[in-house]
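Here the structure is laid out as C-alpha cells; the discussion comes afterwards.
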Amino acid sequence: MSDYSDITVEKRQPGTLLITLNRPEARNALRTHLLSEIAAVLSDAEQDDMVTCVIITGGEKVFAAGADVKEMAEHNAVSLWRDERPRHWKSIREFSKPIIAAVNGFCLGGGFELAMHADIIIAGSNAQFGQPEINLGIIPGAGGTQRLVRTVGKSLAMKMILSGEFISADEALTAGIAAEITQPENTLRRAEKLAATIAKKSPIALKVAKQAILNAYETSLEQGLDNERKAFLFLAATEDRNEGIAAFMEKRSPKFTGN
Ligand code: HXC
C-alpha cells in the first residue's frame, strides 16, 4: 500500500493502519502534498471495514517540524485563500475512526496541530511540543489557537503561542496534551498496543463515542448531555450492543461486527 512519496502506510496488525510521516530531509515538514496524502489515506480508511484505528507517527527525533516554510514562502494572501490545504485538514478533522498520534522528538507548528487532530497522543519522553509560528511573524493556521486553548487553558496556550517556547513531554502530560509518556523506543509499540485494544471494540460504538466527545467542544453541557443520551439510545438498537451484553452474560469475549 505504499504508492506515496511523503508518507508510508502499513496495515501492521488487525484493525490498525499505521501512517508514518516520511520526509526526514525536511524534518517531516507538512508540505501540501504530504497533507494531501494523509487525507487520501484517511478517505480510503474511512470506507475500509478492516481499519478500525489509525496511528500517525513520525521519526525518532522529529514528529513533524510544522508547515513547509519553503513552500509557505511562495504564497501570498490570494494564493493562500485559494489553497487546497484547508480541505485536507477538514478531511483529517472529519475522519470518524480513532486516530492515535505516536510522537517522538520535535512536534512543532502544523506538526503539533496535526497531533492535536488525533484523538489520543502518546508521547516519547523526548517529545517537545511548540507553536513557533510567532517567530515567523504568523500564527498557527490549522486550529492551533483553538484546540490548544481548549486543551490546556488560556495561560499556557498564550505562553506557547505568544513566546514560541516549547514544552516538554512531562509538561504536555500535565497539561492534558499527551495521554501517556513512554520511553522513546516504546512510543510506537505502546500506540500499537493501545490501537490493538481499541480495534477489538465495536467499530460503531467507537465512532459514536468519538463524535460524542468531540461534540463537547461545540455545545453547552445541557446540549452535550442531550446529544449523549440520543447517541446512547441509538447504540441500544445495534447488534454490537446486543453482542456485547450477551458476551458479558455468557462469560466470553464479544465478537463485534460494526452492525
Ligand atoms: C521546511 C524545514 C522545516 C520546515 C526544518 N526544515 N523544518 N523545511 N519547513 N518547517 C529543513 C531545514 O530547512 C533543513 O533543510 C532541514 O530541514 C534540516 O533542518 P535543521 O534545522 O538543520 O534540523 P535540526 O537541527 O534537526 O532542527 C530540527 C528543528 C528545526 C528543531 C525541527 O528544523 C526547526 O526549528 N524547524 C522549523 C520549525 C518551525 O518554525 N515550525 C513552524 C513552521 S510554520 P536544508 O535544506 O537546509 O538541509 C507552521 C505554520 C502552520 O507550522 C500553519 C498551518 C498549517
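Tabulated results
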read-out	value
Among PHE112, PHE232, PHE129, residue whose mean-square fluctuation peaks in a GNM of the chain (springs only between Cα atoms under 10 Å)	PHE232
Over 22 Å between alpha carbons, listed pairs LYS207/LYS230; LYS11/LYS200; LYS193/LYS230; LYS210/LYS255; LYS201/LYS230	LYS193/LYS230
Between 0 and 90°, nearest 10: helix 85-94 axis offset from the chain longest Cα axis	20 degrees
Distance between modelled label sites at LYS154 and ILE213, nm, 7 Å Cα→Cβ extension	2.7 nm
Within-11-Å neighbourhood charge of LEU108 [Cβ basis; K, R +1; D, E -1]	-1
Rough spin-label spacing in nm, given labels placed 7 Å along Cα→Cβ, for SER96 and ARG252	2.9 nm
Rounded to the nearest 20 debye, dipole of the range 32-172 from Cβ charges on Lys, Arg, Asp, Glu	480 debye
Theoretical FRET efficiency, 1/(1+(r/R0)^6), r = Cβ-Cβ of ILE245 and ASP49, R0 25 Å, to 0.05	0.65
Whole-Hz ³J(HN,Hα) from phi, Karplus 6.51 cos²θ - 1.76 cosθ + 1.60, for the range 121-135, glycine and proline x	10, 9, 10, x, 5, 8, 5, 10, 10, x, 10, x, 3, 4, 5
Filtered trypsin sites (Lys or Arg not before Pro), the range 187-259: DSSP coil and at most 12 other beta carbons within 10 Å	LYS251, ARG252, LYS255
Of ALA123, ALA142, ALA247, the one that fluctuates the most in a GNM where the chain has Cα springs shorter than 10 Å	ALA247
Percent of alpha-carbon pairs separated by more than 22 Å within the chain	57 percent
Cα-based Rg / Dmax (Å) for the range 117-248	18.3, 58
Cα pair distances exceeding 15 angstrom across the range 128-199, given as percent	59 percent
Choice from GLU60, GLU37, GLU74 with maximal GNM fluctuation in the chain (Cα, 10 Å cutoff)	GLU74
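Each value in this text was obtained by applying a stated rule to the coordinates, not by laboratory testing. The structure displayed is predicted, hence computed values, not measured ones. Using ideal geometry, Cβ is built from the backbone for each residue, glycine included, and neighbour counts are taken over all protein chains shown.
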